[in-house]
2 protein chains.
Amino acid sequence: MQVINGTMNLKLQEGSHGIVVKNLYLSCDPYMRSRMTRVEGPNVFTSYSPGSPLTGFGVAKVLDSGHPNFKKGDLIWGTTSWEEYSLITVLEGLFKIEHTDVPLSYYTGILGMPGLTAYAGFYEVCSPKKGEYVFISAASGAVGQLVGQFAKLMGCYVVGSAGSKEKVDLLRNKFGFDEAFNYKEETDLVGALKRSVSSSLFLSVTWYFPEGIDIYFENVGGEMLDAVLLNMKDHGRISVCGQVSQYNILDQPEGVQNLMCLIYKRIHMKGFVVFDYYNIYPKFLDVMLPYIREGKIMYVEDIAEGLESGPAALVGLYSGRNVGKQVVLFARE
Amino acid sequence: MQVINGTMNLKLQEGSHGIVVKNLYLSCDPYMRSRMTRVEGPNVFTSYSPGSPLTGFGVAKVLDSGHPNFKKGDLIWGTTSWEEYSLITVLEGLFKIEHTDVPLSYYTGILGMPGLTAYAGFYEVCSPKKGEYVFISAASGAVGQLVGQFAKLMGCYVVGSAGSKEKVDLLRNKFGFDEAFNYKEETDLVGALKRSVSSSLFLSVTWYFPEGIDIYFENVGGEMLDAVLLNMKDHGRISVCGQVSQYNILDQPEGVQNLMCLIYKRIHMKGFVVFDYYNIYPKFLDVMLPYIREGKIMYVEDIAEGLESGPAALVGLYSGRNVGKQVVLFARE
């Protein structure tokens, strides 16, 4: 791909084994903030370079290919860049999109990295069992909304926290969580998690975890994690997926004070990254596509239109402005 | 057991199913501090009652028994009280001492609760493999000294931290750790763990973890845990046994800031309590007795003499005054 006399030549240079793509959807994912800090030593992420386009997950269409696995017209998802057209030379971790009866943008979310994250993080890391008590923070986000629905499908009691009334309504009414609360309205998170109203005479039930949490799917960190630790059951499991409340803190991260609970309660806490589970992507697709087609799993996206709306959409993640999975539409096919 | 006319009657009351014991050795264990704080809700520990003797692990001799499993003259270890004679009515968790060719005090340590803690915490929780890099904090204590030796027997590279030159020398010279350092002399714990001197020409090697830690046996918490998190390898394991640096803080515990490492490094962090492993005590004894008799495992105790020296010995744990396992000798047989 070359720019000659101000005109972009969307053909590959002779002998290249890469592909040239037109970017269609770009994904805003919380982990991207970490790449804006200088990462020292080996890490799962590399830092962004100032002056170069961001890279991230996206859906794109192949315009030219020097690699036998891809041909012109193919749709792919994987790592691309925040620009109209990209030359991709690292092809590992690119997936060809075979099923287009679902919206293409889904491959940035429910059928892409966040979907696989939710699937692996819940089924592989949490070892869930029917009837267990599951709590999910940032529960209306790309990952949280799916984890909650997986847990419901398994027969768990599921509560989520989110940052607005609109999101809490989504959790209760669209995603079928048993309960949900707005953490911004709680002055005492420890008490909020214990909550157990239960008047009688024409209803008012509400109970979250008066007997404790078996599984916590951790997306936020900080104060919420501290409150959860005090509310875990013995032998509980914490799957550490993200800590979005901490990414945009320029100073020190908030300290977590209740780690002694790990001992008394024999808690298992395990961090994970989705890349370690790429090998189960085909199995994951086999499960998810029918769920989507049969309406067994709901999915909410927040789509910003146009490259120029990208930066604000991305930054919005850290104040929770998005409702559902944040995507940026770069171009329609 | 009754006191009549100022004389203690060391006979059981008619019909009692308990035992009367003479206490010989009492164990000073860090967890005891937690029982001096009001414990809310269900917990593995109950709080001490002001005005009543402390309870804790000890070695005792049976003077009278109303239970078929114990008879006069038996030696036992398990939960007893900090007093000369005790009436024990809860007999679960009492073990009869069958092997007396080793010092009796060992049943408060290497052959008792701390020994089983080290054994279960290392072999069952850490999933260690030959050649792995193991770090142990509070490494000269009752548990740490054993974990380090287990790790060496398995063929791991083992480094311990302790709080004095004397303890560091013990780790290096008596317990056979590969290296050890005095954390009180380090201003930068993150850097200390990375350390890697290595001049040549007539020696000076020293390397701790320039390539990171596979297994951290956590005994102290706080700042040390934070430094370790930054030095863990991918897929490392943290066995959370204790956090002695935090027990005597009257205010809030120190916050741990580097939990994001759990994600990037896919770390497994698991708290445990020894009670869950009581079922493997016989197997543990079968392993440990030969190790002790053959001198394959060394063991250092710090024995204070007399009930009256007990409180200072116990309090000394939290400033690290003890060198090796702290025991109080109440009475010789």
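The values are calculated or read from the model by the stated rules, or taken from the named source; none is laboratory data. Predicted model, so just to flag it, every value in this text is computed and none were measured. For neighbour counting, all protein chains shown are included, and Cβ atoms are generated from backbone atoms with ideal geometry for every residue, glycine included.
Candidates A:ARG195, A:ARG237: the one that is modelled with pLDDT under 95 and of a type in the set (D, E, K, R) is A:ARG195. Residue-level check: of (1) buried (at least 20 other Cβ atoms within 10 Å of the Cβ); (2) touching a helix residue (DSSP H, G or I) at 6+ places or on another chain (Cβ under 8 Å); (3) within 19 Å of B:ILE297 (Cβ to Cβ), B:TYR208 misses just (3).
So in the range A:26-46, with the set limited to residues that are modelled with pLDDT of 90 or more and part of a loop (DSSP other than H, G, I, E, B), which one is nearest to the other protein chains (Cβ to nearest Cβ)? Ranking the candidates gives A:ASP29 first. The condition (being farther than 19 Å from B:LEU262 by Cα, facing chain B (nearest Cβ under 10 Å), out of contact with any Ser or Thr (no Cβ under 8 Å at 6 or more places or on another chain) and in a helix (DSSP H, G or I)) is satisfied by just one residue among A:LEU230, A:LEU285: A:LEU230. The residue that is surrounded by the fewest Cβ atoms within 10 Å (Cβ to Cβ), counting only those in the range A:232-283 that are aromatic (Phe, Trp, Tyr) and under 27 Å from A:GLY320 (Cβ atoms), is A:PHE275. In the set (1) over 21 Å from the mean Cα position of the chain (by Cα); (2) on the phi < 0 side of the Ramachandran plot, the condition left unmet by B:PHE202 is number (2). Scanning the range A:311-330 for residues that are over 17 Å from the mean Cα position of the chain (by Cα), away from every other protein chain (no Cβ under 14 Å) and in a helix (DSSP H, G or I) turns up at least one hit. Residues that are touching a helix residue (DSSP H, G or I) at 6+ places or on another chain (Cβ under 8 Å), within 7 Å of chain B (Cβ to nearest Cβ) and not charged (D, E, K, R) within the range A:248-273 comprise A:PRO253, A:VAL256, A:GLN257, A:LEU259, A:MET260, A:LEU262, A:ILE267, A:MET269, A:GLY271, A:PHE272, A:VAL273, listed in sequence order. Within the range A:313-324, being under 21 Å from A:ALA118 (Cα atoms) and either among the hydrophobic types (A, V, I, L, M, F, W, C) or modelled with pLDDT of 95 or more (or both) holds for A:LEU314, A:LEU317, A:VAL323. Evaluated against (1) assigned by TED's automatic domain parsing to the domain that holds B:SER27; (2) basic (Lys, Arg); (3) touching a helix residue (DSSP H, G or I) at 6+ places or on another chain (Cβ under 7 Å), B:ARG321 falls short on exactly one condition, (3). Would it be correct to say that A:ILE303 is part of a helix (DSSP H, G or I), touching a helix residue (DSSP H, G or I) at 6+ places or on another chain (Cβ under 7 Å) and surrounded by fewer than 20 Cβ atoms within 10 Å (Cβ to Cβ)? For A:ILE303, the condition - part of a helix (DSSP H, G or I), touching a helix residue (DSSP H, G or I) at 6+ places or on another chain (Cβ under 7 Å) and surrounded by fewer than 20 Cβ atoms within 10 Å (Cβ to Cβ) - is not met. Checking B:SER161, B:SER127 one by one, the residue that is outside any helix (DSSP H, G or I), of a type outside the set (Asp, Glu) and under 16 Å from B:GLY324 (Cβ atoms) is B:SER161 and no other. For the residues A:ILE292, A:ILE297, A:ILE280, the requirement of being more than 9 Å from chain B (Cβ to nearest Cβ), in contact with a Phe, Trp or Tyr (Cβ under 6 Å, 6 or more places away or on another chain), closer than 30 Å to A:ASP101 by Cβ and aliphatic (A, V, I, L, M) singles out A:ILE297.
Taken as a whole, the range A:185-207 holds no residue that is in contact (Cβ under 8 Å) with a residue 60 or more places away in the chain, in contact with a Lys or Arg (Cβ under 7 Å, 6 or more places away or on another chain) and not basic (Lys, Arg). Screening the candidates A:LEU91, A:LEU75, A:LEU104, A:LEU54 for the property of being farther than 26 Å from A:VAL287 by Cβ, crowded, with 16+ Cβ neighbours inside 10 Å and either touching a Gly at 6+ places or on another chain (Cβ under 7 Å) or not assigned by TED's automatic domain parsing to the domain that holds A:SER140 (or both) yields one hit, A:LEU54.
The residues of the range A:169-223 that are part of a loop (DSSP other than H, G, I, E, B), within 14 Å of chain B (Cβ to nearest Cβ) and of a type outside the set (A, V, I, L, M, F, W, C), listed by number, are A:PRO210, A:GLU211, A:GLY212, A:ASN219, A:GLY221.
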